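Participant: One structure, pasted below without further comment.
The values are calculated or read from the model by the stated rules, or taken from the named source; none is laboratory data. Predicted, not measured: the structure shown is a model, and the values here were computed from it. Neighbour counts are summed over all protein chains in view; Cβ atoms, including those assigned to glycine, are modelled from backbone coordinates with ideal geometry. Just the protein is used for accessible areas: all its heavy atoms, side chains included, with ligands, DNA and RNA removed. Shrake-Rupley method; radii C 1.70, N 1.55, O 1.52, S 1.80 Å.
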Amino acid sequence: MANLTQMSSGDALHELMSQRILLLDGSMGALIYSKKPQEADYRGQRFRTHPVSLLNCTEALVLTQPKLIEDIHRAYLEAGADIVETCTFNANRLSLEEFKLTDLVDEINKASASIARRAADEFTRRNPSKRRFVAGSIGPTNKTLYIEPGQTDQGARTLSFEDFADSYYSQVKALVDGGVDLLAVETGNDILVLKACLYAIDKY
């Protein structure tokens, strides 16, 4: 067998997938919510005076409670996961508008990738024969494009395809800069939004 630790992450992934099924971690959100974090936990010191509520903005926890996020990665790695996903499901400009955090897209994605990378690399060092990987999680945003509820003129849209693609491009770049091995475009519920994401990845 080739030395996986000396391969690029892409080559190592392809080599492993030719041998066996790789295990992806489980839900980041479910484990976060099981801890019942409160508003003060989401805010931390960093966002103590933030103008809007951050409750349920799990992406903010990357900056305010990084140990919590890393401990979740470690729990999945201990359970045998080959791949852990970053805590960035809604870490795009369109989704973070709700929490007035759009200026932190780069920081959140890079920090999240770094946290997951640190945990994965530690487990790889412990057992070089079982290399671990990091997937950059990219969710569907909280907006729609194929159909827009509440829009009187269904031929018109509040946001354009380009708006979604630009939002995704920024997230993709930050995740890659942060050190992810692959990108996980997940939970697509709008075919045009999904297309915009794949377009942004291809463009990058």
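Participant: Please find, within region 2-52, the residue that is least open to solvent (accessible area, probe 1.4 Å) out of those that are touching a residue at least 60 places away in the same chain (Cβ under 8 Å) and more than 19 Å from G179 (Cβ to Cβ).
Facilitator: G29
Participant: Kindly provide the set of residues from region 79-110 that are charged (D, E, K, R) and touching a residue at least 12 places away in the same chain (Cβ under 8 Å), ordered by number.
Facilitator: Answer for region 79-110, where residues must be charged (D, E, K, R) and touching a residue at least 12 places away in the same chain (Cβ under 8 Å): D82, E85, R93, E98, K100, D106, E107, K110.
Listed here are the residues, each with its yes/no results for (1) open to solvent by 60 Å² or more (accessible area, probe 1.4 Å); (2) out of contact with any Gly (no Cβ under 6 Å at 6 or more places or on another chain); (3) among the hydroxyl-bearing types (S, T, Y).
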{"site": "A135", "(1), (2), (3)": "no, yes, no"}
{"site": "I138", "(1), (2), (3)": "no, yes, no"}
{"site": "N142", "(1), (2), (3)": "yes, yes, no"}
{"site": "E148", "(1), (2), (3)": "no, yes, no"}
{"site": "E162", "(1), (2), (3)": "yes, yes, no"}
{"site": "K173", "(1), (2), (3)": "yes, yes, no"}
{"site": "K195", "(1), (2), (3)": "yes, yes, no"}
{"site": "Y199", "(1), (2), (3)": "yes, yes, yes"}
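Participant: Where in region 1-61 are there helices (runs of 4 or more DSSP H), lying fully within it, with 1 or more residues that are under 13 Å from K130 (Cα atoms)?
Facilitator: 9-17
Participant: Can you confirm whether region 79-102 contains a residue that is open to solvent by 50 Å² or more (accessible area, probe 1.4 Å), of a type in the set (F, W, Y) and either within 17 Å of Y204 (Cβ to Cβ) or under 17 Å from the mean Cα position of the chain (by Cα) (or both)?
Facilitator: yes
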